[in-house]
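Here is the structure we will look at, set down as structure tokens.
The values are calculated or read from the model by the stated rules, or taken from the named source; none is laboratory data. No experiment lies behind these values; they were computed from the predicted model shown. All Cβ positions, even for glycine, are placed from backbone atoms using ideal geometry, and neighbour counts span all protein chains on display.
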Amino acid sequence: MERRSQQIELNPNNKQATLMSKHAGYARVAYNFALSSFKVGLDNDEWRTYVDIKREFNAVKYDKFHWCSQLSQNASKNAIHNLGDAVSRWKKGQNSFPTYKKRSDRISYQADNGTGTVEVHKNRIKLPKIGWVRMREELRFKGTISKVVVSKCNNRWFVSILIDCDISNFNHQPPLFDEKHPIGIDVGINTLATCSNGDTYDNPRPLKRYERKLARANRCVSRKIKGSQNWQKAKAVLSGVHYRIACIREDAHHQATIRIVRKASAIGIETLNISGLLKNRKLAKALSDSALSRFLTMLKYKADRRGIPITEADQFFASSKTCSSCGHKKVDLTLSNRQYHCSKCGLHIDRDLNAALNLCPV
Ligand SMILES: [Zn+2]
């Protein structure tokens, strides 16, 4: 058994979208109720568990929040569970004390907690008290649904589904490439990834492409009166641009990493010293735009799932300065040198390809 999750955009009609907002509001109210009850408990030297709080909430909910009878009680129940988790994490010292949720916080609620109240059929999902909502794509994994979270981001509704699935469903797919090779990968700003087998994957650098749009949207926000209706609208436009940028980046990373792991029998990468590199102000913007660490994380988990060993070179291994043919070390190589020319053996090669060859596991 393995857990997989997939986030899918929903296509709700107006009525359904309103209902989802109501559920998210109900979850927020229940969470805040539980938090204040827990705080009252603390003041009276009494440790209230989420079971106590749930009992207390259930006793008063129809008087206090009469509108909740039309909504799924899963929303409030799971919100109180979540507070319980947050409190126990706080007790273990893993995070700070939970705070009240505000209207302006992330809009979301947990529709199901593995109780089987949610059904998925092709590209539709049945949510309690809401009914069948259209999804933009089908669920990729087969198995038991163990958690369903509905959330709103940039005026779009999403559902995030966690599934306990049988690994045999996806690990025995026929290989796409008969021959698999060890691959060394050099990541960079100009080219996202250069592989030792000669493949290169471009970096879309969406921030650069959307720089002007982003600047204009930012200006729009700053010219409005904070908190006003027009300010809200301008904020929505701005977050839309940010969302678009994030999507382009994410997509490029997914496409490159999946292609690499399908061809590789073993993978060698370098250890990035991102925080050190970010100190270089000229590079900082381009670096955070390319989100290289996210790329490497993605590559690692995808390789891991397929059982492909991944080796990380030592942080101080000079992958770009060493000659991939004779091992000679070129000390005076600057970032602007796009070609590598070895003075010892006469090798003339692309700089990134040279680094990738050095990182290739044997
Ligand atoms: Zn050489």
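Test each condition in (1) among the hydrophobic types (A, V, I, L, M, F, W, C); (2) under 26 Å from the mean Cα position of the chain (by Cα); (3) closer than 30 Å to residue 2 by Cβ for residue 97 and report the one that comes out false.
Evaluating residue 97 over (1) among the hydrophobic types (A, V, I, L, M, F, W, C); (2) under 26 Å from the mean Cα position of the chain (by Cα); (3) closer than 30 Å to residue 2 by Cβ leaves (3) as the failure.
So how many residues does segment 87-131 have that are acidic (Asp, Glu) and in contact (Cβ under 8 Å) with a residue 12 or more places away in the chain? Can you show your working first?
Here is the first cut: in segment 87-131, the residues acidic (Asp, Glu) are 105, 112, 119.
Remaining after also requiring in contact (Cβ under 8 Å) with a residue 12 or more places away in the chain: 105, 112.
Number satisfying all stated conditions: 2.
Within segment 283-304, which residues are farther than 16 Å from residue 192 by Cα and without any contact (Cβ under 8 Å) to a residue 40 or more places away in the chain?
Taking segment 283-304 as the starting set, the residues that turn out to be farther than 16 Å from residue 192 by Cα are 301-304.
If the condition is that a residue be farther than 16 Å from residue 192 by Cα and without any contact (Cβ under 8 Å) to a residue 40 or more places away in the chain, then 301, 304 are the ones that fit.
Search segment 68-86 for residues being farther than 20 Å from residue 37 by Cα and touching a residue at least 40 places away in the same chain (Cβ under 8 Å), and hand back the single one that is surrounded by the fewest Cβ atoms within 10 Å (Cβ to Cβ). Can you show your working first?
Start the filter on segment 68-86 by keeping residues that are farther than 20 Å from residue 37 by Cα, which leaves 69-72.
Next cut, touching a residue at least 40 places away in the same chain (Cβ under 8 Å) only: 70-72.
Numbers: 70: 10, 71: 20, 72: 22.
By that ranking, first place goes to 70.
Please work out which one of (1) at positive phi; (2) assigned to a helix (DSSP H, G or I) is the condition residue 262 fails and give its number.
Among (1) at positive phi; (2) assigned to a helix (DSSP H, G or I), the lone unmet condition for residue 262 is (1).
Show me the helices (runs of 4 or more DSSP H) found entirely inside segment 270-362 where at least 3 residues are surrounded by 13 or more Cβ atoms within 10 Å (Cβ to Cβ) and more than 16 Å from the ligand (Cβ to nearest atom).
Details: elements: 274-278, 281-290, 292-305, 351-359.
Those helices (runs of 4 or more DSSP H) span 274-278, 281-290, 292-305.
Which is touching a residue at least 12 places away in the same chain (Cβ under 8 Å), of a type in the set (Lys, Arg) and surrounded by 16 or more Cβ atoms within 10 Å (Cβ to Cβ), of 213, 208, 180, 263? It would help to see each step written out before you state the result.
Working: 213 fails: surrounded by 16 or more Cβ atoms within 10 Å (Cβ to Cβ); 208 fails: surrounded by 16 or more Cβ atoms within 10 Å (Cβ to Cβ); 180 fails: surrounded by 16 or more Cβ atoms within 10 Å (Cβ to Cβ).
Only one candidate passes the filter, namely 263.
Just checking, does segment 35-42 include any residue being closer than 23 Å to residue 102 by Cβ, at pLDDT 95 or above, crowded, with 18+ Cβ neighbours inside 10 Å and under 31 Å from the mean Cα position of the chain (by Cα)?
yes
Residue by residue, here is whether (1) out of contact with any Cys (no Cβ under 7 Å at 6 or more places or on another chain); (2) small (Gly, Ala, Ser); (3) surrounded by 15 or more Cβ atoms within 10 Å (Cβ to Cβ); (4) in a strand (DSSP E or B) holds:
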{"residue": "139", "(1), (2), (3), (4)": "yes, no, yes, no"}
{"residue": "149", "(1), (2), (3), (4)": "yes, no, yes, yes"}
{"residue": "163", "(1), (2), (3), (4)": "yes, no, yes, yes"}
{"residue": "201", "(1), (2), (3), (4)": "yes, no, yes, yes"}
{"residue": "226", "(1), (2), (3), (4)": "yes, no, no, no"}
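Across segment 319-362, what is the number of residues that are small (Gly, Ala, Ser) and touching a residue at least 40 places away in the same chain (Cβ under 8 Å)? Break it down stepwise before answering.
Kept after step one, since they are small (Gly, Ala, Ser), are these residues of segment 319-362: 319-320, 324-325, 327, 336, 343, 346, 355-356.
Remaining after also requiring touching a residue at least 40 places away in the same chain (Cβ under 8 Å): 319-320, 355-356.
Of the residues in segment 319-362, 4 are small (Gly, Ala, Ser) and touching a residue at least 40 places away in the same chain (Cβ under 8 Å).
I'm told residue 157 meets every condition in (1) modelled with pLDDT of 95 or more; (2) loosely packed, with under 14 Cβ neighbours inside 10 Å; (3) touching a Leu at 6+ places or on another chain (Cβ under 9 Å); (4) closer than 23 Å to residue 26 by Cβ except one. Can you identify the failing condition by its number?
(2)
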